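The next block holds one structure in the form of structure tokens; read it before the comments.
The values are calculated or read from the model by the stated rules, or taken from the named source; none is laboratory data. This structure is a prediction, so every number in the text was calculated from the model and none was measured. We place every Cβ from the backbone using ideal geometry, glycine too, and count neighbours over all the protein chains shown. Just so you know, the surface numbers come from the protein's heavy atoms only, side chains and all, with ligands and any DNA or RNA stripped out. Shrake-Rupley method; radii C 1.70, N 1.55, O 1.52, S 1.80 Å.
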Amino acid sequence: MMPVYLAYIGPGAGFAFLGSFLTLAVGLALGAASLLAWPFRMMWRFLRGAQGYKRAKVRKLIFLGLDGLDPALTERYMKEGKLPNMRRLSEQGSFRRLRTTFPALSPVAWSTFATGVNPARHAMFDFLNRNLKSYLPELSSTRVRDPQRMLHIGKYRIPLGKPIVEMRRKSRTFWQVLGEHHITSTVLRVPITFPPEKFNGRLLSAMCTPDLLGTQGTFALFTTRAGGGAMESGNRFPLSKSGEGYAGEIQGPANSMRENGGALKLPFTLKPGAGGTALLEVCGERYRLRPNEFTPWITLTFRASFGIRVKGIVRFLLTETEPEISLYMTPVNIDPENPALPISHPSIYATYLAKLLGAYATLGMAEDTWALNEQAIDEEAFLQQAYLTCAEREAMFFSALERTRRGVTACVFDTTDRVQHMFFRHKDKGGPYSRTIEELYRRADDIVGKTLKYVDDGTVLFVLSDHGFASFERGVNLNAWLHQNGYLALKEGAEGRDYLQGIDWSRTKAYTFGLAGIYINQKGREQYGIVAPGAETDALKLELAARLTGLRDEELGRTAIRKAWPSDALYRGPYLDAAPDLIIGYADGYRASWDAAVGKVTAAVFEDNRKAWSGDHCIDPHLVPGVLISNRRIAAEDPGIEDMAPTALELFGIKPPAYMEGRPLIVSEPARAQSEVAA
Amino acid sequence: MVMDAFNQAFNSLLLWYSAATAWAPASVRLALLSAAAGVGMIWVFGKVSNQARIRTVKRKVQAHLLELRIFSDEPAVAWRAQKSLLRANLGYAGLMLQPVLVLALPTVLLLVHLEGFYGRAPLAVGRPAIVTVAMRGPAITAPVLMAPEGIEIETPPVRVLERNEVSWRIRPVAPVSGYLHFTIDGRTVSKRIEAGGSPLFVPGRRVDSAFAALWRPGEPRIGAGNIEWIDIRYPQASVSLFGFSTDWLVWFFILSMASALLLKGRFKVSV
């Protein structure tokens, strides 16, 4: 019996033995299947006439997106020797200013990057679009709805299907076209990729991926501080005394399994300890929190009815312990290991990355700019969070590069955008954050340096940004201007409120919300439209454009709007009607005010921007071009972001489809190859 | 002495359990015990293993498996994933070493004790069996066997000189739970014998050395200078559960694993 006994020593050995054996068996089977299928796959491609890499001019194409990297700042820091890798790359290849889109907004510009078309063809004009019936703003990129069929049993609702997640960006991406030719791409966190579309490659969704609550990011601040006023974004929850510590409740997603089920909740306790630490107990686990130090990602499991569980991940930050205690919690991100909504293609890709590299932020805008705006966290905490997110992205990007022998790898880093948004007010002003943006650019340069290790003669690298940056000192409320100038009317006795509430549509010709421009309240298009389409609308657009161009901020004696363009002068395409009718080109220092962005009519047209969000780019696009740096020489002097998609196709020997409006950039052979030819 | 005391304590505990659950068939008793053992082992496993590293390495294993699917169009990546998978697996096996070493002794002790409860069937009434005494050296006088009522000694002692063993063939003629007495060179030692009926416990070989007693714990050590062990060749028992009849160890393996697997979440243990 002895050998038999020794063969089984508890479940540990049992699992180890069985687990290892099964894993190896499955691994070998998958590997063998992959190898055996390879010739058939090749045959199938051949029979279908897919050209694959036959006509490719390059083996690998890398797009390293540094959102918001400003050309002027990049040039300045390169000159000062602070960005050695970008400088080397520029000298070896090219440095260009990259024309951005109208408006210069990330969802718009990156959609043009992906599709090679102008916004009227991909239908992304802003973060928000309006519902033509209700005038309520809607997320322009995505729509998430409950499953179509539900089984109702008493107070319970059982979904008979999955939630419907609809991508509202139109047109086709270059990676879809490449995939059809069996050229694979790995696309990481390129904005407006939620929900992920099916294609021959791998993709992780980015901007506009919601949190578990279905919002674009709702943080929570649990605090013993009384009052404190309402927050524009995020939620403040009380911490109540409980024994030696405090108790609170985390609000999760709505319980969709019950009629009017309300939010799923998770209780937690917080016990202050020595040295400003605290012990957090949530979901049956304990975590020692250190002051001003983010926890790793913590999994929260919300239990709905019938044993259904929804998982999310959060980081906590103990922001103060004495005399009051406050605990910041990030928005509840979709757990990448068990995603509640599709966030990658193939669906297991998100899980794979989480298992390989650890949990990571899945929320579209992972850096919590609103928490800093609302002073729920301070600058240090924001930077800590931003660079933690950046590190996660780096790990994914380099892991993808490690695994890419050929094809496309595209990854966008948002940290460059978010940190500039929040620290522009400090730039070169002295004080502790005077050099934060410089440090940010240095870090971006490090990423470029690490990327260069994956670049060889058969690789084209594009380091690019979707737009540059400017300061945001004054907000312009164009609803106020329209109101003061008789284009917008409020209901009798009403005040302008968020989301265009209080507006008398029967007397309103034009209105604004979002960041991009002005909409005409057009008859037959808007529910209560009063301006006739055609000549009347055209005349109104021209009138408004003329009056707004050169609009002055008399208080400061500065021009606030450089130019306003009727959108039909900028765009051509089937979705033109969804565009703002006028695109506003604000001057440096100005932008749509926070109130105007949510459709509120205020008394004053101009107001100081007092938020930490002090840098922006939603101004005249001519003022905020992006950056394009490549290891190859680029012939075009004035490349545009719409040129990137056709360039990607051209580099792999595929003729860009006729609908793509960008033109392939002519990129020369690597510098070394040229010198060899010259010799 | 220590070994005897330990064995006796352990055995008494199991006897107490068996007596307390004597109302249930052996299969149910074994199932309950296996489940409890699984729970105990998973708890110990959780305490003595590096849970954080196990979780990490398991995630790596899973990642590399997914990698094989995700990069199935890239043979080079798939091949690299295979290698990583093998490495991660070895790491996983390595992490199991510590808990396995800690659990080895108690688990083996439990298993060797349980052998007497579930592994051996009593001698069948009417069917012959062999009884053997092994000695360290040749006996000076002829060994004598005295059997209790109900056991017939069918043959005189048969010596195997090169192995210093003496064997008898016996035949139970009635259910018996008693002792065989052996007189060798003037010293008498006994060996418990079970025949017929449904005894809770059937002791195996009775041994002399402390080390051997660790693995043969059914009866106290012999303590007589020349006798090394006394053995009755019992038939092997089988346990029938869910209509399947097989060795108890198989059921123990399955049931303890299953209970550990089911409850590992509750104990927050990763295996």
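Here is how the numbers come out for the structure above:
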{"read-out": "Test set (1) within 14 Å of another protein chain (Cβ to nearest Cβ); (2) crowded, with 19+ Cβ neighbours inside 10 Å; (3) modelled with pLDDT of 90 or more - B:Leu30 fails condition number", "value": "(1)"}
{"read-out": "Meets criteria (facing another protein chain (nearest Cβ under 8 Å), in a helix (DSSP H, G or I) and open to solvent by less than 20 Å² (accessible area, probe 1.4 Å)) for B:Tyr118", "value": "no"}
{"read-out": "Which numbered condition A:Gly307 misses (of (1) within 26 Å of B:Thr56 (Cα to Cα); (2) within 14 Å of chain B (Cβ to nearest Cβ))", "value": "(1)"}
{"read-out": "Hey, B:Leu13 touching a residue at least 24 places away in the same chain (Cβ under 8 Å), under 30 Å from B:Phe201 (Cα atoms) and assigned to a helix (DSSP H, G or I) or not", "value": "no"}
{"read-out": "Members of segment A:181-200 found to be open to solvent by less than 10 Å² (accessible area, probe 1.4 Å) and within 14 Å of chain B (Cβ to nearest Cβ), listed by number", "value": "A:Ile183, A:Thr184, A:Ser185, A:Thr186, A:Val187, A:Leu188"}
{"read-out": "Cβ-Cβ under 9 Å pairs, at least 6 apart or on other chains, segment A:276-289 side within 11 Å of another protein chain (Cβ to nearest Cβ), far side open to solvent by less than 40 Å² (accessible area, probe 1.4 Å) and aromatic (Phe, Trp, Tyr)", "value": "A:Cys283/A:Phe268"}
{"read-out": "Residues located in segment B:183-218, provided they are among the acidic types (Asp, Glu) and either at pLDDT 90 or above or open to solvent by 60 Å² or more (accessible area, probe 1.4 Å) (or both)", "value": "B:Glu194, B:Asp208"}
{"read-out": "Yes/no for A:Ala104 being in contact (Cβ under 8 Å) with a residue 24 or more places away in the chain, surrounded by 24 or more Cβ atoms within 10 Å (Cβ to Cβ) and assigned to a loop (DSSP other than H, G, I, E, B)", "value": "yes"}
{"read-out": "Single residue of segment B:41-58 satisfying the filter (surrounded by fewer than 19 Cβ atoms within 10 Å (Cβ to Cβ) and without any contact (Cβ under 8 Å) to a residue 40 or more places away in the chain) that is nearest to the other protein chains (Cβ to nearest Cβ)", "value": "B:Thr56"}
{"read-out": "For A:Pro238: the one exception among (1) over 27 Å from A:Arg610 (Cα atoms); (2) free of Cβ contacts under 8 Å to residues at least 60 places away in the same chain", "value": "(1)"}
{"read-out": "Verdict on A:Thr459 being within 30 Å of A:Pro646 (Cα to Cα), not hydrophobic (A, V, I, L, M, F, W, C) and not assigned by TED's automatic domain parsing to the domain that holds A:Val667", "value": "yes"}
{"read-out": "Single residue of segment B:91-113 satisfying the filter (under 26 Å from B:Val207 (Cα atoms) and at the interface with chain A (Cβ under 7 Å from one of its Cβ atoms)) that is farthest from the chain's Cα centre (by Cα)", "value": "B:Leu103"}
{"read-out": "One residue from B:Ala142, B:Ala88 being of a type in the set (A, V, I, L, M, F, W, C) and more than 13 Å from every other protein chain (Cβ to nearest Cβ)", "value": "B:Ala142"}
{"read-out": "Residue among A:Ala569, A:Ala612 that alone is among the hydrophobic types (A, V, I, L, M, F, W, C), free of Cβ contacts under 8 Å to residues at least 60 places away in the same chain and farther than 30 Å from A:Ala56 by Cα", "value": "A:Ala569"}
{"read-out": "Top-ranked residue of segment A:44-84 - restricted to ones that are exposed (fewer than 14 other Cβ atoms within 10 Å of the Cβ) and among the aromatic types (Phe, Trp, Tyr), ranked as modelled with the lowest pLDDT", "value": "A:Phe46"}
{"read-out": "Residue match in segment B:59-82 (condition: in a helix (DSSP H, G or I), more than 9 Å from chain A (Cβ to nearest Cβ), out of contact with any Pro (no Cβ under 6 Å at 6 or more places or on another chain) and of a type in the set (Gly, Ala, Ser))", "value": "no"}
{"read-out": "Matching option when the condition is open to solvent by 50 Å² or more (accessible area, probe 1.4 Å), outside the structural domain of A:Ala597 (by TED's automatic domain parsing) and touching a Leu at 6+ places or on another chain (Cβ under 9 Å), among A:Leu132, A:Leu136, A:Leu178", "value": "A:Leu136"}
{"read-out": "Pick from segment B:237-262, criterion at the interface with chain A (Cβ under 10 Å from one of its Cβ atoms) and open to solvent by 50 Å² or more (accessible area, probe 1.4 Å), ranking: farthest from B:Pro199 (Cα to Cα)", "value": "B:Leu261"}
{"read-out": "Close pairs from segment B:214-236: first under 22 Å from B:Thr246 (Cα atoms) and within 14 Å of chain A (Cβ to nearest Cβ), partner in a loop (DSSP other than H, G, I, E, B) and aliphatic (A, V, I, L, M), Cβ under 7 Å, at least 6 apart", "value": "B:Tyr234/B:Ala121; B:Tyr234/B:Val202; B:Gln236/B:Ala121"}
{"read-out": "Out of A:Leu203, A:Leu264, sole residue that is over 30 Å from A:Pro119 (Cβ atoms) and of a type in the set (A, V, I, L, M)", "value": "A:Leu264"}
